[in-house]
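Read the structure below first, then the notes.
The values are calculated or read from the model by the stated rules, or taken from the named source; none is laboratory data. Predicted, not measured: the structure shown is a model, and the values here were computed from it. In this analysis, Cβ positions are derived from the backbone assuming ideal geometry, glycine residues included, and neighbour counts consider all displayed protein chains.
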Amino acid sequence: MFQRIQATIRKIPRGKVSTYGAIARAAGFPGAARQVVWALHSSNGLPWHRVVGAGGEIKLQGEPALEQKLRLESEGVSFSGRRVAMKQHEFHFPSPKRARKSGRVQNKRRG
DNA sequence: GATATGACGTCAT
DNA sequence: CATGACGCCATAT
């Protein structure tokens, strides 16, 4: 479980951020945003600072909140007041769509 | 099993 | 935008 979530969090590249819900979904646990938190609590080498709340809002408080903002800015992430510029840094996880190995296109329907 | 907790998300006021 | 309420799920006691 956490292993899956942690792996998902690690996929977040630098200069990008994601939300608890999105991570949970990408990990395969829609609605398990709280579990993402637990995964973060696990003292691992996870890029926790790249995880923010819905709308790019930093859910931390006090010093940790400042730390995350500092770390993100250090990666080139811009802020809109006290929130992350999601429109520029929201990381979209790769959809689990069956990848076509031979560059084969999917059944394209006449449009 | 029940209760309490937690870096959440969404809706209603 | 701020506050209140509910839903969600694993963990700890």
Only one of (1) within 16 Å of DNA strand C (Cβ to nearest atom); (2) of a type in the set (Gly, Ala, Ser); (3) surrounded by 14 or more Cβ atoms within 10 Å (Cβ to Cβ) fails for A:GLY81. Which number is that?
(3)
Within the stretch A:37-50, is even one residue among the hydrophobic types (A, V, I, L, M, F, W, C) and within 11 Å of the chain's Cα centre (by Cα)?
yes
Residues of the stretch A:26-47 that turn out to be surrounded by 18 or more Cβ atoms within 10 Å (Cβ to Cβ), out of contact with any strand residue (DSSP E or B) (no Cβ under 9 Å at 6 or more places or on another chain) and in a helix (DSSP H, G or I), as a count
3
Can you name the number of the only condition in (1) modelled with pLDDT under 90; (2) of a type in the set (A, V, I, L, M, F, W, C); (3) within 12 Å of A:PHE91 (Cβ to Cβ) that A:ILE9 fails?
(1)
Could you please give the count of residues in the stretch A:50-67 that are of a type in the set (D, E, K, R), within 13 Å of DNA strand C (Cβ to nearest atom) and part of a helix (DSSP H, G or I)?
0
Residue that is nearest to the chain's Cα centre (by Cα) [pool: residues in the stretch A:86-106 that are at pLDDT 85 or above and loosely packed, with under 14 Cβ neighbours inside 10 Å]:
A:HIS92
